[in-house]
Each structure stands twice: as C-alpha cells, then as structure tokens.
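The values are calculated or read from the model by the stated rules, or taken from the named source; none is laboratory data. As the structure is a prediction and not an experimental result, all values here were calculated from the model. Don't worry about glycine lacking a Cβ; one is built from the backbone with ideal geometry, like all the others, and counts go over all protein chains shown. What goes into the accessible areas is simple: the full protein's heavy atoms, side chains included, and nothing from ligands, DNA or RNA. Shrake-Rupley method; radii C 1.70, N 1.55, O 1.52, S 1.80 Å.
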Amino acid sequence: MAEEISHGYRWVIQNCPVCDVPPTKFVGERGGEAHRAGLGVKCEIWSCGKCGMIFPNPMPLPVGGVDQHYGMEADEFFVNHERDTKLETARVILEDGEKMLGRKGRMLDIGAGRGEVIEVAISRGWKAEGVEPSTKFAAYAAEKTGAKIFTEPVESCGIEDSSYDLVILGAVLEHLYNPNEVVATIARILKPGGVVFFDVPNEKGLIFTTGNLYQRARGRRWCTNLAPTFPPFHVFGYSMRPIKAMFASHGLDVVKAHVYGGFSVLPDRPGVMGKLENLGARAFTRISNLGTLGGYIAAWAKKTQELP
C-alpha cells in the first residue's frame, strides 16, 4: 500500500474492513486545524458507500506503536471514568452474560484497561483473564486483579480454539486498526454457543449528524466523527449495519442490541461560542436519550456456526 510518514504517523491508504473496498463518501476533516481546540493532526474522514463504516483515509498509524497513544499512566487516561460506575456496568454486563449462557465459565476481557471488569468477574465466580496491549495499563490491571493479562494483541496471543464462554469488548472496537481480524479471532476462541458483548459509539447518532451539519453551516469542511490522532483515539466508526455485517461474516449473530444517548464528551472551550457549543451538545445528547438516535450502541452476539 502507498504510504508516507509525517507528524509521527504512517499514512496508509485504507479500505473498508468489512467490504474491502475504498470509501466513496467524504465525511469531513478532523484534527489539527480542523478541530475547535486544535487537537491532533488533520485527517480526512470517509465513509464506505456499501456498509457505512466510517474511517480516515489515509489511515494514520502511530510510528511509535500503541504506547504512542496509550503510554500514559492508567489513571491519567481513564480520568473521566468513575470507578464505581465502571464496576456497576461490569456487574450488569456479567449478569446479562450469565443469563444468556445459563452458566458462568471462562471470560476474556479485551482492552482490560484498569481491570474493573475482571475484578467483578472474579468476585462473581468466573475464571477471568484479560488482553491489554498498553504496557502500563496491563501492569495496573494485573496488580489490581491478580489475573493473567496478555500484553500482545488478541490475534497474537496464541489462544486455543473454543477457549472462552464469554468475551467482552467494552469501548474497544473503535480503537482497533484491524477490527475484522480481531472479530475473526473472537469467533475462533469462543466456544460453540458462546457470546460476546461489545459497545461502540454510534456514528449515525443525532449528536454526530447534528454536529456535522453545524460545521457545514459555519462554512467548514470539518466533521465530529472519530479522533484518529488525539484522545480518545477512535479510528473506526460504527453503526448497526457495518456491525452486523462484520460479525455475521465470522459466524457471530447479533442477537441483542440497543442504542442509548450516553453523555456529552465535548470538552469545554472558553468564549461565548464555546459555551453555546457545549450547551447544544448537552441538549442534543439529552434528546437522543429519548429515541434510537443515541450516541452509543451496546450489543450481544452469539457464536451460532463454525466457519472454515
């Protein structure tokens, strides 16, 4: 693939990971001079004309690897993640998983972060392990939980086929540069009838579509989707159509999904316009909580068939 190196990134031409075709719809510019606070490096964000997956093209791959983005201490990166909220969310997910499976068993948390999900799983009687490529995050999670934490990407961990009853991908898929390969690995390491939970931002949600219209109204080519070169480093954008297509291609059927509004993550910016933008973002987030245009998707998929 054609590529160049600049601003600490390798810029690689990117096809849709679901459809394996070049994107055809320009969404907007994101980062650097195309960001209200000047964060990151400017990228062009595109959408696949077949499934609607959103991603930068070319894709900025960090020259320094994963720690270029996630090399800070765990508490610094997760500063906006309340521990009690994370523990409660983990409890609900595991409870739902137990109901779907009719049992407890072996669980893998991909993108373990600080280890809250593993901590709750162990307390509920699961045999729990994690995957966390960030060396600092992995060390934190291992010390906190005492569980085994793989520090290689899940597709490189050498995990045997049909090893886990439950795999969790909490706020992970949007960070991955190879989501299709990761989903294929999950399908391989799940036991027959096993389930996977995942949640992602809904790039077709009201907050994103309205934000993009607002940028156009101001005469900008900017968009509000993704964050390829600044925190939280989201590089692929999902909606229900590409999610279902990607999981189904690996024998995983999405059996339960819901869209919810969540909360506004727009950072504060000084000045009158900054205050108006934040008020608008919070208002549209509250509105989206009332319908199906929320900013996030939470879903369960089940391994229903073995693919060759």
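Find the all-direction average of the projected area of the Cα convex hull for segment 1-151, expressing the result in square nanometres with one decimal place.
Numbers: hull surface 45.3 nm².
Here the figure is 11.3 nm², rounded to one decimal.
Between 0 and 90 degrees, rounded to the nearest ten: what's the tilt of helix 83-101 against the longest Cα principal axis of the chain? Approximately 50 degrees, to the nearest ten. Size of the chain: Rg and Dmax of its alpha carbons, in Å, are 19.1, 58. The angle between the Cα long axis of helix 179-189 and the longest principal axis of the Cα atoms of the chain comes to about 10 degrees, rounded to the nearest 10.
Other residues lying with their Cβ under 12 Å from the Cβ of residue 19 contribute a combined charge of +1, Lys and Arg counting +1, Asp and Glu -1.
Between helix 135-145 and the chain there is an angle of about 40 degrees, using the helix long axis and the longest principal axis of the Cα atoms. In terms of overall dimensions, segment 110-158 has a Cα radius of gyration and Dmax of 9.9, 28 angstrom. The value given for segment 39-120 is a Kirkwood hydrodynamic radius of 16.3 Å, derived from the mean inverse Cα-Cα separation.
Where does each of 221, 91 land when they are ordered by accessible area, with a 1.4 Å probe and the largest first? Don't jump to the answer; show the numbers that get you there.
Values: 221 120, 91 80 Å².
Result, largest first: 221, 91.
Across the chain, the longest run free of exposed loop sites, meaning GluC sites (Glu not before Pro) lying outside DSSP classes H, G, I, E and B with no more than 13 other Cβ atoms within 10 Å, spans 161-305. Each listed q (0.11, 0.25, 0.29 Å⁻¹) maps to a log10 I(q)/I(0) for segment 1-68 from the Debye sum over equal C-alpha point scatterers, namely -0.27, -1.11, -1.20.
Annotation: amide H of residue 163 within the under-5 Å range of 190, 191, sequence separation 5 or more or interchain, hydrogens built in the peptide plane.
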